[in-house]
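S.K.: Handing you a structure now.
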Amino acid sequence: GNDKNSGTSPSQPLQTLQAAQKKAQELSSSGSVTVHVGEGTFFLQDSLTLTAKDSHIHWIGSGAENTIIRGGAPVLNWENCDDSILPHLKSSNTSSFVYRAKNPFGTTPFYQLVTGDEPAITARHPNAGAGWLYNWTQTKVDGNPGIMWSNNTGLPDNFEMSYAKAYVWHPYGYSEITGLANASFATKTVGMYPTPHIMLVKIHLEGALEFLNAPGEWALGEDNYVYYWPSVLGDSPNDMNITAALAPRIFDIQGESTNQEDVVQDITIANLSLVGSGWLRNFECEWADRMNSQPSRDPTGQWAYTREGMIRLENASNIVVTGCKLLAAGTSGIWMEHFAQNCVVDTNWIEGASFTGVHINGWDIDNGQI
């Protein structure tokens, strides 16, 4: 296709989804419009935002196996590493199993790597299980709760802090992610922000390059390289379809308000695959919220930055999602937020979502609108 084409006949296809959206908006004033998305793979680094101007426009793929929209950018030109790049693997003679490639977003970090149709494993310690039992009241770092680890935990003496985080498993069946700061490797302590909600927890750390020590793991280095150890010995990432997922939404269906003229209406998304979406480092937002005493929660208690989905609906009605595959979502596959009326999600395959497949988030009693 070519974005200079008319886009109104099979012989004049457009190249990008953004150009198709613009052309469909021009045509929709005279009635319903169908955007036929052909076979192939489309990369979207930013969300495709659908507003009231996109009402009555239907996005129809050529089958979920044939029309693929990936929520990010391809990671290309992988090269082998060696001991000078990954000295923590020198003793095991495994550094050559790891490959690296430039971050396709330059200095902008991302937190989800998708290999094929599946999320890669973020480098972590320990490599399996819920980690070690920990009571954060026993350690203070700059006056705040922190982690102290002993030699028997096997943690490296030093590790990069920029993208590291703690994954906290609570005894009551849920988990949360906290950031790390103010590490003192001499005393083996590191601070956590925000503070976990319960004192006695199990914990593992993830996201630091020095934690990368097993097949299937990946990490983003402070040198702006992406590092990946293929799951199968001898496989090269250059022969694989690897995507750096950035935006948490692919289709962002967002009306300005619940007023009838502002609501997005009558849209179909059908017969295509959405593969990979990003997620936000929510603990940074939560920490700022707590420090400023301005929590960004809605009346149901959901943090704003968890209310994400590959397809996200708000102030929308009569939206249909059918015959699609939604794979490796950074948060949820589909998120319906507050005013999302008479919507249908039917005959879809949703797999590998980090949070929920389909989430319907309403209002608290007496706080909503009818």
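S.K.: Given the options 130, 120, name the one that is modelled with pLDDT of 90 or more and within 24 Å of residue 231 (Cβ to Cβ).
M.R.: So the residue among 130, 120 that is modelled with pLDDT of 90 or more and within 24 Å of residue 231 (Cβ to Cβ) is 120.
S.K.: Here's something else I'd like to know. Could you tell me how many of the residues in the stretch 118-132 are open to solvent by 70 Å² or more (accessible area, probe 1.4 Å) and either among the hydrophobic types (A, V, I, L, M, F, W, C) or more than 17 Å from residue 159 (Cβ to Cβ) (or both)?
M.R.: Within the stretch 118-132, residues that are open to solvent by 70 Å² or more (accessible area, probe 1.4 Å) and either among the hydrophobic types (A, V, I, L, M, F, W, C) or more than 17 Å from residue 159 (Cβ to Cβ) (or both) number 3.
S.K.: Moving on to the next point. Taking residue 329 and the conditions (1) open to solvent by 70 Å² or more (accessible area, probe 1.4 Å); (2) assigned to a loop (DSSP other than H, G, I, E, B), which numbered condition does it fall short on, given that it satisfies the others?
M.R.: Of the numbered conditions (1) open to solvent by 70 Å² or more (accessible area, probe 1.4 Å); (2) assigned to a loop (DSSP other than H, G, I, E, B), the odd one out for residue 329 is (1).
S.K.: Okay, moving on. It is to be established whether one or more residues within the stretch 71-81 are assigned to a loop (DSSP other than H, G, I, E, B) and without any contact (Cβ under 8 Å) to a residue 24 or more places away in the chain.
M.R.: no
S.K.: A further question on this structure: Can you find a residue in the stretch 93-101 that is in a helix (DSSP H, G or I) and touching an Asp or Glu at 6+ places or on another chain (Cβ under 9 Å)?
M.R.: Yes, because at least one residue in the stretch 93-101 is in a helix (DSSP H, G or I) and touching an Asp or Glu at 6+ places or on another chain (Cβ under 9 Å).
S.K.: Now for a different question. For the stretch 21-29, check the following and say yes or no: at least one residue is closer than 20 Å to residue 271 by Cβ, at pLDDT below 95 and exposed (fewer than 14 other Cβ atoms within 10 Å of the Cβ).
M.R.: no
S.K.: Would you check which residues across the stretch 192-221 are modelled with pLDDT under 80 and assigned to a strand (DSSP E or B) and list them?
M.R.: Those that are modelled with pLDDT under 80 and assigned to a strand (DSSP E or B): 192, 193, 200, 201.
S.K.: Sticking with this structure for a sec: Filter the stretch 30-50 down to the residues that are open to solvent by less than 40 Å² (accessible area, probe 1.4 Å) and part of a strand (DSSP E or B), then identify the one that is farthest from residue 241 (Cα to Cα).
M.R.: 33
S.K.: Tally time: how many residues in the stretch 1-20 are within 17 Å of residue 68 (Cα to Cα) and either touching a residue at least 60 places away in the same chain (Cβ under 8 Å) or open to solvent by 60 Å² or more (accessible area, probe 1.4 Å) (or both)?
M.R.: 3
S.K.: Out of 90, 53, I need the residue that is farther than 22 Å from residue 241 by Cβ and either in contact (Cβ under 8 Å) with a residue 12 or more places away in the chain or in contact with a strand residue (DSSP E or B) (Cβ under 6 Å, 6 or more places away or on another chain) (or both). Which one?
M.R.: 53
The values are calculated or read from the model by the stated rules, or taken from the named source; none is laboratory data. From a predicted model like this one, the values you see are computed outputs, not experimental measurements. Positions of Cβ are generated from backbone atoms using ideal geometry, with glycine treated the same way; all protein chains shown enter the neighbour counts. These area figures cover heavy atoms from the full protein model, side chains too; ligands, DNA and RNA do not enter into them. Shrake-Rupley method; radii C 1.70, N 1.55, O 1.52, S 1.80 Å.
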